[in-house]
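Everything below concerns the one structure shown next.
The values are calculated or read from the model by the stated rules, or taken from the named source; none is laboratory data. Note that this is a predicted model, so its numbers are computed, not measured. Neighbour counts run over all protein chains shown; Cβ positions are idealised from the backbone, glycine included. Quick note on the areas: whole protein, heavy atoms, side chains included, nothing else; ligands and nucleic acids left out. Shrake-Rupley method; radii C 1.70, N 1.55, O 1.52, S 1.80 Å.
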Amino acid sequence: MDSLGVVVNPIAGMGGRVGLKGTDGKLEEARRRGAEPRAPERAREALRSLHRRAPDVAVYTAAGIMGERAVRDAGYEPIVVYEPTTDDAAPADATASADDDTDSSDASSPVDPATAETTAADTRAAVRAFLERDVDLILFVGGDGTAVDVADVLEETAGDETPMLGVPAGVKIYSSVFAVTPADAGRIAAEFDRAADREVNDIDEDAYREGEVRSQLEAIVPVPVAPDVQSSKQVSSGSVDSLAAGFAREVDPERTYVFGPGSTVGTIERELEIDPSPLGVDVWRDGEVLARDAAESDILDVLEEPATIVVSPIGGQGFVFGRGNHQISPAVIDRADEIEVVASGAKLDGIDALHVDTDDEAIDEELRGWLRVRTGRFTTRLVKVV
């Protein structure tokens with residue numbers, strides 16, 4: 001690979017820890033709840049991983065927080081080919097040749113990612129500028145919505161086979177175009193030698209917040225072939241009634257339980273006579289719901305030790321933390337002395353390994369290794385967290 005285009009959605013994932021299950025249409029509410037950006041740091045992590053392996057690649061990007069800063073922080077000299085309207089600066093020369101490495105960063109005024117107002121139109125314009133430079137790969141940082149924006153531009157150009165690869169930074173990441181972790185994205189970008197078609201999926205966030213998953217195939221796009229590109233989310237099958245009954249039988253009234261999202265954990269909650277929040281996180285102890293549909297701060301406010309976190313991996317992907325349950329943050333995980341992973345045998349049959357991606361490498365490393373997953377009333381299965 002000689003060149004790539006990098007575009008960052010600076011607000012991707014901001015709604016996760018504050019319990020919004022997404023940021024589409026909810027940016028102001030996320031800010032009001034104290035949400036902090038996560039995409040810029042994940043962009044830097046991916047690009048540093050890339051720089052260690054391919055320091056001489058030409059990196060085209062958008063100005064300021066949409067890529068330029070992360071590219072520069074990673075050790076590259078960015079080639080800015082698009083200026084988002086957020087930056088109060090003269091537009092970058094969009095007609096410059098692909099060999100023009102003029103630095104336009106000095107013209108850009110600082111923009112806080114927490115207050116950035118870049119839009120899908122900015123993402124699409126940046127991708128068009130990359131395609132004009134005939135880049136070898138488009139590396140984007142965001143979630144499924146950002147993936148749709150990139151894919152739409154690729155499909156505008158009939159016959160364009162430029163591959164795309166996502167650095168996971170959103171709340172919901174159902175598409176099979178993302179690397180497992182930001183570091184994996186950088187490594188894959190540096191080392192891939194072929195691409196294959198994969199799915200871009202997106203869901204209705206308003207329906208998702210109400211507990212209904214409406215997933216829709218949006219595009220088929222070329223993606224680098226590598227083992228650390230995640231699969232699409234799949235709906236699992238298999239009864240979990242006996243699992244829920246077994247779990248309920250062993251509940252300790254002195255423990256605080258943090259119940260993660262999903263139907264499997266929801267079955268356990270109903271067995272305990274809890275009305276589970278739709279795709280949210282609930283905190284419960286000794287018959288009392290302490291927090292329902294909780295944000296990270298809500299969980300920390302009521303969490304008392306000893307504490308157990310109860311989660312189920314995402315079907316087809318195997319993520320235990322870092323996809324759809326950002327409310328269960330590193331701070332929450334650190335406060336708990338026990339993590340209980342539950343899944344039907346059918347769900348585990350479709351998962352090669354479990355994954356974690358919490359934004360905290362020390363926590364991720366601590367969670368890796370062999371884990372005993374509860375699959376029934378009395379049955380468990382050893383699965384490796386990688």
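Given a 1.4 Å probe and heavy atoms of the protein chains only, how would you sort THR358, THR379, largest accessible area at the top?
Highest to lowest solvent-accessible surface, that is THR379, THR358.
Is any residue of the stretch 334-349 close enough, with backbone N under 11 Å, to a label point placed 7 angstrom from the Cα of ARG381 along the Cα-Cβ axis, and if so, which?
343-349
So what's the gap between the Cα centers of the stretch 122-169 and the stretch 286-311, to the nearest angstrom?
Between the Cα centres of the stretch 122-169 and the stretch 286-311 lies a distance of 39 Å.
Separation between the SER242 and ASP134 pseudo-spin-labels, each 7 Å from Cα along Cα→Cβ, expressed in nm?
Inter-label distance under the simple model: 6.2 nm.
I'd like the accessible area for LYS172, computed on protein heavy atoms only with a 1.4 Å probe and all protein chains in place. Round to 10 Å², please.
10
Mind giving me the nanometre distance, one decimal, between the label points for ARG372 and ASP349, set 7 Å out from Cα along Cα→Cβ?
2.4
Estimate the FRET efficiency between GLU304 and ASP160 by the formula 1/(1 + (r/R0)^6), using the beta-carbon distance for r and 45 Å for R0, to the nearest 0.05.
E(calc), rounded to 0.05, equals 0.25.
Hey, with R₀ at 41 Å, roughly what FRET efficiency would ASP275 and ASP2 work out to, going by the Cβ-Cβ distance, to 0.05?
The calculated FRET efficiency here is 0.15.
Mind grabbing the accessible area of GLU191 for me, 1.4 Å probe, Å², rounded to tens?
110
Which FRET efficiency value, to the nearest 0.05, do you get for ALA331 and GLU250 by plugging their Cβ-Cβ distance into 1/(1 + (r/R0)^6) with R0 = 35 Å?
Computed FRET efficiency for ALA331 and GLU250: 0.85.
Which value, in Å² and to the nearest 10, is the accessible area of ARG270 when all protein chains are kept and the probe is 1.4 Å?
Surface open to solvent at ARG270 totals about 140 Å².
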